[in-house]
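Structure first, commentary second.
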Amino acid sequence: MLLSYLPILIMIGFATAMALGALFASFLMRPRNPYREKLSPWECGMEPVGDATGGHFRVHFFIIAILFVIFDVETLFLFPWAVLLTDKSISLFIFAEMIIFVAILALGLIYAWAKGALEWV
Amino acid sequence: MNLLRLLPEFIMLGTAFLLLVLELFLPRGSRKGYAVIGILGIAAAAISLPYQDFGPALAELFLQDQLSIYFKWLFCISGVLILYIVMLYEDTVKNWRGEFYSLILFALSGMMMLASASDFVGFYVSLEFVAVCLYVLAAYLTESRVTSEAGLKYLVTGALASGFLIYGISFIYGATGATGFAEVAKALQTVEPTGYLVLGIVLTVLGLTFKISSIPFHVWAPDVYQGAPTPVTALLAAASKSAGFVVILRVLFGALGTVKGEWVAFIAVISGITLLFGNLAAMPQKDLKRLIAYAGIGSAGYLLMGVAAASEMGAGAIMYYLLTYIFGIAGTFISIVVFYNSEGTDKIESYAGLYKRAPLLAFSLFIGLLSIAGFPPLGGFIAKFYIFMAAVKEGLWVLAFIGAMMAIIAMYYFLLVIKSMYLRQPANEAPIQVDMMTRGLLYFVNAVTILLGIYPGPVTDWVMSIAQGVF
């Protein structure tokens, strides 16, 4: 049974060899000619400001991210539902269910909004 | 219409949403009325319980039967008591008071779903629903560093335990090809137990030890019990532990009951270590909530002893133990919150001479703690007696012996608290005021604890008849 996975193992080996080989080949062939301008981080043609590795960003982004994920998952959920909706025997029931589901999510958004979670302080 | 079998959960969820919507319109301020609305919601859910018909719901993810009804009763009782504790405690919370009530109701409805979960999928979803609410509640006092630390520890250990749990479930699914508990049990009658199945059982049990705070996922308990807001500690101690055990009954007795030879020894070892650790580590504690956390680890050991017995009697003993435990915890925590509101501390030394300052609080702590320790003639004694009887009947002599030793140690550390309350002189003689409602509730809770000890007959008969159907 395990033997049927052999092509995947070969594929993994092949992909690894390919990637390492490409890196190694370019390491052998590329010209080496470093200077200060070239080594500086590229930031849309602007002079780099500060250190890019610190990774400081507003913690506030996480609420936006959570809200995004919730509605993203909702969309994901809507697609199979929309396909099944043509089935007459259950359509009314699942329509009501989805309305309740979306209403709960909407309540969540309204709640977050009213509580000021979307204010950009 | 099988959705009606989830009516109690829907009532609880509806109440929680109602409180959230109210929160949008009301100005900032006291939210004590929410406790009344919440208690009414729980009462409505409880009233619907006796009218429930039995059978599967939601594509057999959930199952309404006698076991789920019993545990839903437990969650309703603990919900009412905990909402009352929240009302007493509310002034300590600075922000988002309304949410506190909704989150507790959400957690309780998740536990009710957990009580009727009959499929690994429904079970896992309900478990995470409860866990997410509890993560937020444990870290609720955002301005307190101790609470934030407690919340973080709870979250990290919980995530790790969830990983173990779902990995174990995947192995059980691999070994049996089913996720429904009944189907797993059916598959195991024909399939020979393999190493993968045992690995799955071990990982699942390890994941569940987080909920019941036993070895090896017990490390969060002392810090979280001490640091979390006191009503949340009560919720964790009473309701969350019951939720963990109903799941253990369903998974181990229901789904994996046919292969009990594979897990009994493992559970017995966990139970023994948990008993030793919880009770011995409780002795040097200085903080009452922390002491109760270690004693709670010890209680998980006793309850696991009932699981290791793997018999109908063991299941019945667990159910009775949890009922007495809820009342013991309720009496203790109402007193702790009233004392904290007046004194602002949970240190055991500050309880010195409490008898002179507030006789009722001292008496409730006396009854509650001794019931948890298993002192006759209180409810906890009968529960422990049944656990021992179940263990001895199945030949677990060593485990019963460890349990009996540890019961004596439990008396020791709880009697130290009681000694300091009754025999030592208070540093400050001023009496502590207890309002009429709280007095009445404390009398009621203590009366139930004593009654469960001297007249256990009706409840134990009920519990043992439910236990017949667990396997």
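Please treat every number below as a calculation from the coordinates, not as lab data. On a predicted model such as this, the values are computed, not experimentally measured, just so you know. Cβ placement follows ideal geometry from the backbone for every residue including glycine, while neighbour counts extend to all protein chains displayed.
Extents of region B:263-471, largest first, come to 54, 35, 22 Å (Cα atoms, principal axes, whole angstrom). Ranked for footprinting exposure by Cβ neighbours inside 10 Å, fewest first, B:V132, B:V251, A:V73 give A:V73, B:V132, B:V251. For chain B, the longest principal axis of the alpha carbon atoms and the long axis of helix B:379-393 meet at an angle near 30°.
Counted over region B:394-471 with a bin width of 10 Å, the fraction of Cα pairs per bin, in whole percents, is 13, 18, 38, 20, 9, 2.
Return the calculated 222 nm mean residue ellipticity for chain B, to the nearest 500 deg cm²/dmol, obtained by summing -39500 (n - 2.57) across DSSP H runs with n ≥ 4 and dividing by the residue count. Spell out each step's value before the answer.
Working: 20 runs with 344 residues, N = 471.
My calculation for chain B gives -24500 deg cm²/dmol from helical runs alone.
For the protein assembly as shown, the Kirkwood hydrodynamic radius comes to 26.3 Å, computed from all pairs of different C-alpha atoms.
Compared with the dominant principal axis of the Cα atoms in chain A, helix A:6-29 is inclined by about 40°. Volume of the convex hull of region B:265-378 (Cα atoms only), normalised per residue: 93 Å³. The residue list B:T345, B:G395, B:L323 was ranked by how far each Cα lies along the charge dipole of region B:263-471 toward its positive end, using unit charges on Cβ atoms, and B:T345 comes out on top. A Förster distance of 41 Å, applied to the separation of the beta-carbon atoms of A:F77 and B:M389, puts the FRET efficiency at 0.25. When chain A is modelled as a GNM with alpha-carbon springs shorter than 10 Å, which of A:L78, A:L39, A:L23 fluctuates the most? Highest fluctuation among the options: A:L23.
Taking a straight line from the alpha carbon of B:K186, these lysines sit under 28 Å away, with near neighbours fewer than eight places off in the same chain left out: B:K72, B:K211, B:K260, B:K393.
B:Q285 sits among other residues whose Cβ lies under 12 Å from its own Cβ, and their net charge, with Lys and Arg +1 and Asp and Glu -1, is +1.
Rg and Dmax over the alpha-carbon atoms of region B:43-158 stand at 15.9, 47 Å. Our summary gives chain B a relative contact order of 14 percent, counting only alpha carbon pairs under 8 angstrom and 6 or more residues apart.
Would chain A count as rounded, prolate or oblate if I go by the C-alpha gyration tensor, calling it rounded below 1.5 in a/c and otherwise prolate when a/b exceeds b/c, oblate otherwise?
Details: a/c = 4.19, a/b = 1.42, b/c = 2.95.
It comes out oblate by the Cα gyration axes.
The alpha-carbon atoms of region B:1-110 define a convex hull whose volume equals 94 cubic angstrom per residue. Seen against the Cα atoms of chain B and their longest principal axis, helix B:66-89 is set at about 20 degrees.
Ranked for footprinting exposure by Cβ neighbours inside 10 Å, fewest first, B:I348, B:I408, B:I334 give B:I408, B:I348, B:I334.
With all distinct Cα pairs included, what does the Kirkwood hydrodynamic radius of region B:223-327 come out to in Å, to one decimal, could you say? Could you put the intermediate results ahead of the total?
On the way: mean 1/r = 0.0700 Å⁻¹.
14.3 Å is the Kirkwood radius here.
Free of any trypsin sites (Lys or Arg not before Pro) that DSSP assigns to a loop and that have at most 12 other C-beta atoms within 10 Å, the longest stretch within chain B is B:95-285.
In plain terms, the C-alpha convex hull of chain B casts an average shadow of 20.5 nm² when viewed from every direction.
A cut-off of 5 Å between modelled amide H atoms, ignoring neighbours fewer than 5 places along the same chain, links B:F62 with B:A57, B:S118.
Where a ≥ b ≥ c are the square roots of the eigenvalues of the C-alpha gyration tensor, would you call region B:322-417 rounded, which needs a/c under 1.5, or, failing that, prolate if a/b is larger than b/c, or oblate?
Working: a/c = 3.08, a/b = 2.32, b/c = 1.33.
Since a/c reaches 1.5 and a/b is larger than b/c, the shape of region B:322-417 is classed as prolate.
Taking other C-beta atoms within 10 Å as the exposure proxy, B:Y412, B:Y51 rank B:Y51, B:Y412 from fewest upward.
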